[in-house]
Amino acid sequence: MKSGWFIGELVGTFLLVFFGCGSVCAAVSTGAQVGVFQVAIVWGLGIATAIYLTGSLSGAHLNPAVTISMAVWSDFQKSRVVPYLVTQMLGAFLAAAALYFIFGGAMFMFFSIGKGATSFGGVYMIVAAIFSYMLANMLAFGILSNVVDSYAHGKIGVGFIPAFEDFSLWDDVVHPFFLSVGVWASSFGPLVLVFVAASYLVINSSQSHSDAFSSDIQTTVGSPYAGVRNTLDQSNTVKGALADSEKINQKHLDQLDDLENGRTPAVVDDTEEENFQTVNKMIADSKRQELESVVGKSAETREKESSAFIDGLYKLPFPVLVLGFIALVWGLFFFPSSCTVAGYTRSFTATLNPLIGLDTIRRLGVDYMKILFMGLALMAAFGFVSTILEKSLSAFDMPGVGNVPARALESLAWFYIVIVFASILGLAMFKASDRLRLNS
């Protein structure tokens, strides 16, 4: 048995299902379905394309019914029936998986990348980033609320992605956005407040240390360039520094020339050498600042700023650190409950009310501890995947836009983690529907 039939049936069935079911997905998700003809014609084009491309390889059965009929009523070898059926099933499954990816994960990935449009500057890019955030949230939080609400009322056979046949800007975009705001506010709102207060203290402390450091340099260092704090704003000093740097470079060249000709090289004063290194560093910093002011901060600069900020957090007063830790624990503990309340109530005020969330935790009992454990495991898995992607794709980290490939793959991983998390919450709600007094 030659292998050409396998390729033919696999590719042919893939094209048939991809074009046919893809037309249904596109028509339903966009609300553009106006009749049977527009779907049927795409099915016809898909069949025709598959037959023309793969007919010479496998006969283009593309359907188990055709294969069985050929085996019963024609001279098709019966030993090929099962391999043909398995191959057709595999092709159809791959097509369905591709469509699920395109009309779910791929869209979420595209919208997640769009959230970084602010790095290009301009009002239009900021508006585009806001829309991208809301559309990404529409998919992620729409899945979570749809699954939780459906499972809570006994509808465990529904799909993950909500139906958009009657698309409404308020119901499908704005309302989920406010629900997600309520979830994050009720869970991590205290942590945000502590973080804002801590950031204020860190920035003030860093600024005071920076001012004191600059003042010390200006009064203690004997270099003529010690008073330069910002080379971008003091171009005259930079020009002088460049001129002096050229002189010192020339002295180094003269030293090399003397060595080559057997003469004793002139000794460069240690102070001049130190000034030379200072000037070169100042010039490099000036060029880096000029470049980053145009294209954005580099990965190295962002890493240094993050390290400096974290070091500042460690120096915060102990009571602030304790409050931050308590707020973090509260957020991690309460987040699944807040998502659950938002899912089955669809109410912004109920989501903000911590008493409703605590009552939900009480009614779920031990099941909530299982939800919490699995949620933390998912977060740990995402953190591990994210770290691997950032490290392995670090070569693509560009100033201004960041690491776009890593961000794309991270958003894809996050999308499917949301689906798993939504399923965990939904199944817990289904099991506890009586305790929660939900109508089936």
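Of the residues TRP330, TRP73, the one with the fewest other Cβ atoms within 10 Å heads the list, and the complete ranking is TRP73, TRP330. The ranking of ASP75, ASP359, ASP397 from fewest to most other beta carbons within 10 Å of each one's beta carbon is ASP75, ASP359, ASP397. Placing R0 at 45 angstrom, the Cβ-Cβ distance between LEU321 and ALA128 gives a FRET efficiency of 0.75 after rounding to 0.05.
Rank the residues LEU323, LEU169, LEU139 as a footprinting-exposure proxy: fewest other Cβ atoms within 10 Å of their Cβ go first.
Ordered from fewest to most neighbouring Cβ atoms within 10 Å, LEU323, LEU169, LEU139 come out as LEU169, LEU323, LEU139.
Scattering from the C-alpha atoms of the stretch 311-389 alone, worked out with Debye: what is log10 I(q)/I(0) at q = 0.17, 0.27 1/Å? Log10 of I(q)/I(0), two decimals: -0.84, -1.15. Extension gain, SER56 to LEU193, is 42.5 nm, computed as 0.36 nm per intervening residue step minus the present C-alpha separation.
Between the beta carbons of PHE93 and SER394, assuming R0 = 22 Å, the FRET efficiency works out to 0.05 to the nearest 0.05.
Take the Cα of PHE101, step 7 Å toward its Cβ, do the same at LYS431, and the gap between the two points is 3.3 nm.
With the simple model of a label 7 Å out from the Cα in the direction of the Cβ, SER347 to PHE178 spans 1.4 nm.
Read-outs: derived from the displayed coordinates by stated rules, not from any lab. Note that the coordinates shown come from a computational prediction; the quantities given were computed from them, not determined experimentally. Glycine gets a Cβ as well: all are built from the backbone with ideal geometry, and neighbour counts include every protein chain shown.
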